[in-house]
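Visitor: Handing you a structure now.
The values are calculated or read from the model by the stated rules, or taken from the named source; none is laboratory data. These figures come from a predicted structure and were not determined experimentally. Using ideal geometry, Cβ is built from the backbone for each residue, glycine included, and neighbour counts are taken over all protein chains shown. Calculation scope for accessible area: heavy atoms of the full protein, side chains included, ligands and nucleic acids excluded. Shrake-Rupley method; radii C 1.70, N 1.55, O 1.52, S 1.80 Å.
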Amino acid sequence: MTAKLKRVPEGTTATFERHYKHSVEKVWSYLTDNDLLPEWFSELRVKELRTGGSMVFDMQDGNLIEMRISECKPASVLEYSWGEDKVRFELAAEPEGCRLLLIETIGTLTDHTPKDLAGWHVCLDVIEELLDGVVFQERKRVWEQQYKTYIALVEGFRQS
């Protein structure tokens, strides 16, 4: 499901909603366990999982970027800086499993925004496949398709 864009005082939010047929705890582990993170986001690691702690992004060129965790409630909320922006994961139990919201708050929409949104979209798809015990195929091809979708979404949103 494509993210929904909304204007907010801080700029724009992009909200992704997913419903997984797995427990909150299992989904949380994919967001926070350094053994599972590389399966869906190879550059991302948890340094210290707590409010005021940090996530680390490996630029793959020898540089590591620390991203401050602004809110961490185990098996419920994880929010951290993402460059000048922030990402927030919210988990809630449902009868069939778990609802995940990924809310990216974007200060300024740029030409790079559709790339990031397509990336998050594919990451959430990969998490679902991993939870279901399936290896995600053709990640690059799927990203390219989603990138086109998000270019159109962002352009339409800018013009509205």
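Visitor: What number of residues within the stretch 137-154 satisfy the criterion of being over 21 Å from Trp82 (Cβ atoms) and open to solvent by 50 Å² or more (accessible area, probe 1.4 Å)?
Guide: Total satisfying the criteria: 8.
Visitor: Filter the stretch 73-94 for residues that are within 15 Å of the chain's Cα centre (by Cα) and among the hydrophobic types (A, V, I, L, M, F, W, C); which is farthest from Gly11 (Cα to Cα)?
Guide: Filtering first and then ranking leaves Leu91.
Visitor: Every residue in the stretch 5-54 that is of a type in the set (D, E, K, R) and open to solvent by less than 20 Å² (accessible area, probe 1.4 Å), please.
Guide: Arg18, the sole residue that qualifies.
Visitor: Let me ask another. From the list Val87, Val56, Val134, exactly one residue is touching a residue at least 12 places away in the same chain (Cβ under 8 Å) and more than 28 Å from Glu155 (Cβ to Cβ). Which is it?
Guide: When all the criteria are applied, what remains is Val56.
Visitor: Can you say whether Thr13 is in a loop (DSSP other than H, G, I, E, B), in contact (Cβ under 8 Å) with a residue 24 or more places away in the chain, under 15 Å from the mean Cα position of the chain (by Cα) and under 25 Å from Glu94 (Cα atoms), as far as the supplied structure shows?
Guide: Spelling it out, it is not the case that Thr13 is in a loop (DSSP other than H, G, I, E, B), in contact (Cβ under 8 Å) with a residue 24 or more places away in the chain, under 15 Å from the mean Cα position of the chain (by Cα) and under 25 Å from Glu94 (Cα atoms).
Visitor: Right, another one. Looking at (1) in a strand (DSSP E or B); (2) surrounded by fewer than 18 Cβ atoms within 10 Å (Cβ to Cβ); (3) in contact with a Leu (Cβ under 7 Å, 6 or more places away or on another chain), which is the only condition Phe157 fails?
Guide: Here Phe157 clears every test but (1).
Visitor: If you don't mind, another one. Mind checking which residues of the stretch 67-88 are open to solvent by 70 Å² or more (accessible area, probe 1.4 Å) and either in contact with a Phe, Trp or Tyr (Cβ under 8 Å, 6 or more places away or on another chain) or part of a loop (DSSP other than H, G, I, E, B) (or both)?
Guide: Arg68, Pro74, Glu84, Lys86
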